[in-house]
Amino acid sequence: MSSSLSVYLLDIEATRALVGSGDEGLVEAVRGGFGRELAADDEWFSSEIADGAPTALEALRAVVNGGPFTGPGQYAFQYGYAYKRLCSLTGSFLDNSSFSPFRGAWLEMVDEGLRALRITAVSVAELGYYDGLPKPIPHYELPRCGEWTHEECLAALEQFEQTKRDGHAPPLEPEVVEAVMDVIGWLRGAQARPGFGVVGFVS
């Protein structure tokens with residue numbers, strides 16, 4: 001079974017502030033501008049919705065209002081996807097061609113490549129941790145979410161630049177090099193936007 005890592009460049013604090021904001025205008029804007037996508041999601045999860053999962057719009061409204069979060073616990077995934085939708089609205093989607101799809105321990109392999117280059121301030125695998133959703137959003141297995149702050153991105157980029165200055169070039173598999181360079185691109189994107197960081201979702 002394969003997974004996918006979706007990555008966004010955004011103002012993390014501003015996006016987190018939407019959770020529990022009560023901004024009904026935001027909910028209506030999403031419904032008006034992305035009604036087709038919401039309907040497609042509801043069709044995909046129709047059996048789960050029939051069993052008590054919230055619809056995509058209901059989940060989005062609950063996230064924006066800070067609750068109530070209803071339905072059986074195994075259907076909390078809808079709230080995670082609702083937060084992902086907020087990230088897609090407020091942020092820029094970053095190139096994930098090296099990470100979608102991926103299998104097995106690929107994220108950990110890329111982390112090994114980063115560490116070989118002496119980049120330790122960020123971890124790709126951490127973007128797939130379970131506890132990255134803002135409170136009080138519940139979670140259940142997928143999607144998993146993690147984030148890199150602006151400061152972490154700058155620190156990681158400086159580590160990469162120091163590695164280059166030192167002439168340190170460890171042998172890495174070509175696919176790992178390609179993935180690492182994708183990561184460097186994400187970091188440069190954060191560098192160019194003061195206060196912006198990276199949020200990732202594994203699903």
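Angle of helix 35-44 to the longest C-alpha principal axis of the chain, folded into 0 to 90 degrees and rounded to 10: 90°.
The value given for the range 1-84 is a Kirkwood hydrodynamic radius of 13.6 Å, derived from the mean inverse Cα-Cα separation. Coupling constants for the range 98-109 follow from the phi torsions by the Karplus curve (6.51 cos²θ - 1.76 cosθ + 1.60, θ = phi - 60°), and in residue order they are 7, 10, 9, x, 9, 10, x, 9, 4, 4, 5, 5 Hz; glycine and proline get x.
The residue among L86, Y129, G113 whose Cα reaches farthest toward the positive pole of the charge dipole of the range 5-202, with charges on the beta-carbon of Lys, Arg, Asp and Glu, is L86. Of the GluC sites (Glu not before Pro) in the range 108-203, the ones in a loop by DSSP (not H, G, I, E or B) with at most 11 other beta carbons within 10 Å are E141. For the chain, the longest principal axis of the alpha carbon atoms and the long axis of helix 77-90 meet at an angle near 70°.
Rg and Dmax of the range 80-160, both derived from C-alpha coordinates alone, stand at 13.6, 37 Å. Each distinct pair of alpha carbons in the chain adds a 1/r term; the inverse of their mean, the Kirkwood radius, is 17.8 Å.
Any read-out appearing in this document is the output of simple, stated calculations on the displayed coordinates, not a laboratory observation. Not measured: the values here are computed from a predicted model. When we count neighbours, we look across all protein chains shown, and the Cβ atoms used for this are built from the backbone with ideal geometry, even at glycine.
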